[in-house]
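The values are calculated or read from the model by the stated rules, or taken from the named source; none is laboratory data. Everything numeric in this text was worked out from a predicted model, so none of it was measured. As a convention, Cβ positions derive from the backbone with ideal geometry for all residues, glycine included, and neighbour counts pool all protein chains shown.
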Amino acid sequence: MLQIHQLHKSYPIGDSSLHVLKGIDLSVEEGEMVAIMGSSGSGKSTLLNIIGMLDEADSGEYILDGLTIKDLTEKKAAVYRNKFLGFIFQSFNLINYKTALENVALPLYYQGMKRKERLELAMFHLEKVGLAEWSHHLPKELSGGQKQRVAIARALAANPKLLLADEPTGALDTKTSHEIMAFIQHLNDEGKTILMVTHEEDIANMCKRIIRLRDGVIMEDTKVNQVRAEQYV
Amino acid sequence: MFRFLFERDTWQEVLDSLKKNKLRSVLTMVGVWWGILLLIGLLGSARGLENSFNRLFGDFATNSVFIWGQRTSKPFQGFQEGRGVQLSLTDAKKIEENVEGIEFVLPRNQRQVSATRNFQTGSFQMVGDYPLLDKLQKKNLLNGRFLNENDIKDNKKVVAISEDVYKQLFEKDENAIGQYIEINDINFKVIGVFEISNVRMGPSQDMHIPFTTYQQIYNQGDRIGWLMITGKPGFDIKQIEVDSKLLLKNLNTIHPDDNRAFGSFNLGKEFAKLTGFLIGMQFLTWFVGVATLIAGVFAIGNILLIAVRERTKEIGVRRALGATPFEIKRQIVVEAVFITLVAGILGIISGGWILIALDHFFGQGDDAALVNASVSIAVVFIALVILVILGTLIGLIPAFKATSVKPIEALREE
Ligand SMILES: Nc1ncnc2c1ncn2[C@@H]1O[C@H](COP(=O)(O)OP(=O)(O)OP(=O)(O)O)[C@@H](O)[C@H]1O
Ligand SMILES: [Mg+2]
């Protein structure tokens, strides 16, 4: 699914620069569910953003689904993001003046899908996350868990190969977190490849593999026995 | 390429975003609307004023100068100063023949007379004139005709009178044409009644009789009261005045530097002052209007720019979902064009109402201050096009700003 080799990234800070990623080697197969862990500031988000083509590495190799990602024009990157990737953010990032349904339909709009088709498909995904009857509500009328479910539906709408989630449960209470994890596990069961950043051990243990970052490199990479989230719901 | 303009989604996006930012949308539109309104209102008023001047002076050959004789102020070739200067028909003829750029030279005689009819008497200014006068100072006849060549040839005792004279000497609704009035004990037949002009040049001229009749009755001989000289289009009437006076001094043995020997009134010069004033006002109008417009458009750009900063995160999200920079720019530009266009059209419509109102309050009647206050469609159209182009260009600034950063930087914005 994706191969990363000797990836480096630093941020300029004043005159000096902060070396955040110091040679990451990582390979993820299709159907995996990977948790990325590490202390605050260890570069988890930076790595995820580079994988998501929202940011660019300074050096190193990154191959996504057989395609070398390097020096892409913003237009090409947009197309790849739209076709290959689904994003779930800690702070949901829904567009606040659009209804749940319109939010879910947005990636399809940028795919050039016809309005009617698009709204039908968006409705289908909203149903999957159990929010069919909330389709015409604005984000501000939804709870945190509901918002994140809308965001998941939106990430899935364009049927991406890879789902990227940066602390998807970071803003939710434990119970809601488990609900969301149950959804994500379900998606993985259906074959979606998932990469998520998290701080919480119990959430990480609901994945199938845990990668720990420290000092800009991967210091631990272990397969785990997945804990099913349903049992807590 | 432009198919997106016909897609509901594009407009849905525009309306959503305008609705979301009501205050910004309203302020922007008010800015442009006001600019256009001002431009149309000012241009229309300027045009109305110009039309009203033109109507006032339309009946006059404005490129003209009046010259009359006074007294010399310098001794010359044995003549003492203080000698009276008398213009003659020969002078008129010489000017017509020798001065460059002359169109017409019209000699005139005038005096105060008393006119009587059926015990009604009045004191009036009477002029001996050629029919040519009607060409240089159009007489709007209420009845009958003005003097013609036959009247001149036969020294006819006919007179064209003003409506003032008519009112004093005739009963209401009485037909004056063909009736006789007594002017200084001589009977004259009334051939026409003319309207009094809105613009008065010098003393009023109440009656016109044939030049030749005047000559005969008052033993004028060659002598004339004053000259009215008009220049051909394109010739400077001030130069014509200078040249004519010099020639007159020469003909009458007057010192070339004697500035008081002849009096004159240069209508062209006075008119040019008015025209200059009008041009100045039009320029000012354009300046104010265009400046207001530009200010309005810049306000829009500024507001859009703020909006983009506010919306940076949203744009980051959209880009994460697969929006290309082009699609985002296009959206913002459509928004800018739409808002300027709508505001501009509203401005044009309300500008039209303003003109209608101006016409209603100031444009009625013969002495209206504004005649046909209007703006040409072309001007309005050009203003609109400029507005939309400016709106587009300015819309592009924030659009470029929003797409020039990496999506992650946009997303990180709080
Ligand atoms: N745009 C930036 N400019 C400068 N420094 C940055 C930038 N983005 C991140 N950093 C720095 O890089 C380091 C890694 O940041 P990153 O967001 O990847 O950490 P993280 O592991 O996700 O942390 P957290 O768990 O707190 O989210 C941090 O020290 C951060 O301050
Ligand atoms: Mg982070």
| field | In region A:65-89, the residues that are under 15 Å from the mean Cα position of the chain (by Cα) and either within 7 Å of chain B (Cβ to nearest Cβ) or among the hydrophobic types (A, V, I, L, M, F, W, C) (or both) | value | A:Arg81, A:Asn82, A:Phe84, A:Leu85, A:Phe87, A:Ile88, A:Phe89
| What pairs come up if the first residue lies in region A:83-104 and is among the charged types (D, E, K, R), the second is within 16 Å of ligand 1 (Cβ to nearest atom), and their beta carbons are under 6 Å apart, counting only those six or more places apart or on different chains? | none
| Of all residues in region B:365-414, how many are within 16 Å of ligand 1 (Cβ to nearest atom) and of a type outside the set (Val, Ile, Thr)? | 9
| field | Counted residues, region A:4-18 - those being surrounded by 15 or more Cβ atoms within 10 Å (Cβ to Cβ) and either away from every other protein chain (no Cβ under 14 Å) or away from ligand 1 (no atom under 13 Å from the Cβ) (or both) | value | 4
| task | Would you mind listing the strands (runs of 3 or more DSSP E) fully within region B:167-272 where at least 3 residues are within 24 Å of B:Val99 (Cβ to Cβ) and of a type outside the set (Val, Ile, Thr)? | result | B:226-231, B:262-266
| Failed criterion for A:Ala57 (all others in (1) within 13 Å of ligand 2 (Cβ to nearest atom); (2) touching a Lys or Arg at 6+ places or on another chain (Cβ under 6 Å) hold) | (1)
| request: Counting only residues that are over 26 Å from A:Trp134 (Cα atoms), within 16 Å of ligand 1 (Cβ to nearest atom) and aliphatic (A, V, I, L, M), give me the helices (runs of 4 or more DSSP H) lying completely in region A:144-233 with at least 2 of them. | output: A:201-204
| Inter-residue pairs, beta-carbon under 7 Å, first away from chain B (no Cβ under 14 Å) and in region A:30-46, second in a loop (DSSP other than H, G, I, E, B) and away from ligand 2 (no atom under 13 Å from the Cβ), 6+ apart | A:Glu30/A:Met1; A:Gly31/A:Gly191; A:Glu32/A:Lys208; A:Met33/A:Cys207; A:Met33/A:Lys208; A:Val34/A:Cys207; A:Ala35/A:Cys207
| query | Can you find a residue in region A:104-112 that is β-branched (Val, Ile, Thr), crowded, with 20+ Cβ neighbours inside 10 Å and within 12 Å of chain B (Cβ to nearest Cβ)? | reply | yes
| query | Out of all the residues in region B:70-117, which are among the polar types (S, T, N, Q) and free of Cβ contacts under 8 Å to residues at least 12 places away in the same chain? | reply | B:Gln80
| Considering only residues of region A:186-226 that are of a type in the set (S, T, N, Q) and closer than 20 Å to A:Gly52 by Cβ, which is surrounded by the most Cβ atoms within 10 Å (Cβ to Cβ)? | A:Thr198
| said: I'm trying to understand the selection: among the residues of region B:191-222, which are crowded, with 17+ Cβ neighbours inside 10 Å, more than 30 Å from the chain's Cα centre (by Cα) and at pLDDT below 90? | reply: B:Gln220
